[in-house]
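The values are calculated or read from the model by the stated rules, or taken from the named source; none is laboratory data. Everything numeric here is computed off the predicted structure, so don't read it as measured data. Quick reminder, even Gly has a Cβ in these numbers, built from the backbone with ideal geometry, and neighbours come from all protein chains shown. All accessible areas refer to the heavy atoms of the entire protein, side chains included, with ligands and DNA or RNA removed. Shrake-Rupley method; radii C 1.70, N 1.55, O 1.52, S 1.80 Å.
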Amino acid sequence: MFSFNVFDHPMQRGLQNRFSTQYRCYSVSMLAGPNDRSDVEKGGKIIMPPSALDQLSRLNITYPMLFKLTNKNSDRMTHCGVLEFVADEGICYLPHWMMQNLLLEEGGLVQVESVNLMVATYSKFQPQSPDFLDITNPKAVLENALRNFACLTTGDVIAINYNEKIYELRVMETKPDKAVSIIECDMNVDFDAPLGYKEPERRPPHHEEPVEEEGDPNSYADMDLGFRAFTGSGNRLDGKKKGIEPSPVPIDPNDIKRGIPNYEYKVGKITFIRNSRPQPKKLTDDEDALSRFIAFSGEGKSLRKKGRKP
């Protein structure tokens with residue numbers, strides 16, 4: 001005789017170790033309680049009811065607990081972890097960016113299934129705004145924000161909070177699979193150009209040397225040479241205007257000397273002219289008189305004339 005044990009089939013054991021159920025999902029802002037749960041919005045984990053923990057503890061599942069969320073109406077899916085089991089029965093709370101990826105509204109149905117994901121080795125992100133370039137060290141900021149995430153799914157748009165500003169990044173690529181676990185992993189991160197970013201135009205440098213035009217020396221006198229001393233008009237204390245008109249000395253064009261540029265000059269080279277000889281000084285009359293000066297050789301004079309007494 002042959003006996004068949006239907007309840008001990010390997011496929012039946014596999015189905016028993018798999019968690020799968022439907023919940024009505026709401027955003028974290030709808031979570032009742034005195035405590036502020038804004039920390040849920042900063043990560044990729046959800047809040048499930050206590051009955052889910054009781055059911056998961058009876059199954060032989062692997063840790064950490066990772067789940068696949070599916071919206072059957074729009075055929076959209078993503079992956080997440082679990083933060084707490086404190087939600088009301090039949091309800092789960094999701095971050096707002098996760099509900100946007102799944103195209104879910106408040107109170108919509110979502111299918112939650114337990115999954116096993118491979119550990120991530122590489123991921124590539126694309127910022128959805130050029131404002132992300134204002135961050136000094138974007139890799140460090142992203143690494144700190146991903147500590148609140150459990151897994152990544154290719155095609156999702158995640159949201160991170162930095163300096164009281166929300167930045168959205170699209171997951172362009174993940175390795176070794178389209179959905180990976182990022183818990184205790186060594187993952188290489190790369191960035192794509194932000195959405196709407198335009199590289200600045202680079203103009204080729206021009207190496208044309210400026211050509212100096214030789215001007216007429218007579219036209220230098222008409223140029224504005226700036227400040228000239230004692231060229232203004234004066235005012236008398238008695239109010240008369242005699243002798244107060246300005247009389248600036250005209251500039252002779254021949255007195256203007258232009259420097260001769262060094263056409264052999266090279267950038268980064270300093271030239272010292274050591275063969276220059278100082279011109280001999282011409283002795284003027286005053287210098288000639290000082291050279292013949294002899295101390296105490298003058299004659300004295302008296303203010304009072306000495307006269308003879310009668």
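The solvent-accessible area of ILE294, taken with every protein chain present and a 1.4 Å probe, is close to 110 Å².
Taking amide H atoms as placed 1.01 Å from N in the peptide plane, the amide H of ILE46 lies under 5 Å from those of GLY81, VAL82, LEU83, each 5 or more residues away in sequence or on another chain. 3J(HN,Hα) couplings calculated from phi for segment 126-137 with the Karplus curve 6.51 cos²θ - 1.76 cosθ + 1.60 (θ = phi - 60°) are, in sequence order, 10, x, 8, 8, x, 5, 5, 6, 6, 6, 5, 10 Hz; Gly and Pro show x. The Cβ shell under 14 Å around LEU83 holds other residues with a net charge of +1, Lys and Arg each +1, Asp and Glu each -1.
What segment 157-208 shows is 82 Å² of accessible area per residue, with the surface traced by a 1.4 Å probe over protein heavy atoms. Our coupling estimate for segment 138-145, obtained by passing each phi through the Karplus curve with A = 6.51, B = -1.76, C = 1.60 and θ = phi - 60°, is x, 5, 5, 5, 5, 4, 5, 6 Hz, Gly and Pro reported as x. Protection proxy ranking, highest mean first, for peptides 168-176, 76-84, 91-99, 233-241: 91-99, 76-84, 168-176, 233-241, where packing is the per-residue count of other beta-carbon atoms within 10 Å, averaged. Sequence-ordered 3J(HN,Hα) estimates for segment 40-50 from the Karplus curve with 6.51, -1.76 and 1.60 and θ = phi - 60° stand at 5, 5, 8, x, x, 10, 10, 10, 10, x, x Hz, glycine and proline given as x.
For the residue pairs LYS72/LYS139; LYS68/LYS198; LYS45/LYS124; LYS72/LYS124, the C-alpha atoms sit more than 30 angstrom apart in LYS72/LYS139; LYS68/LYS198. Think of each Lys and Arg Cβ as +1 and each Asp and Glu Cβ as -1; about the Cα centre, that makes the dipole of segment 35-131 roughly 440 debye.
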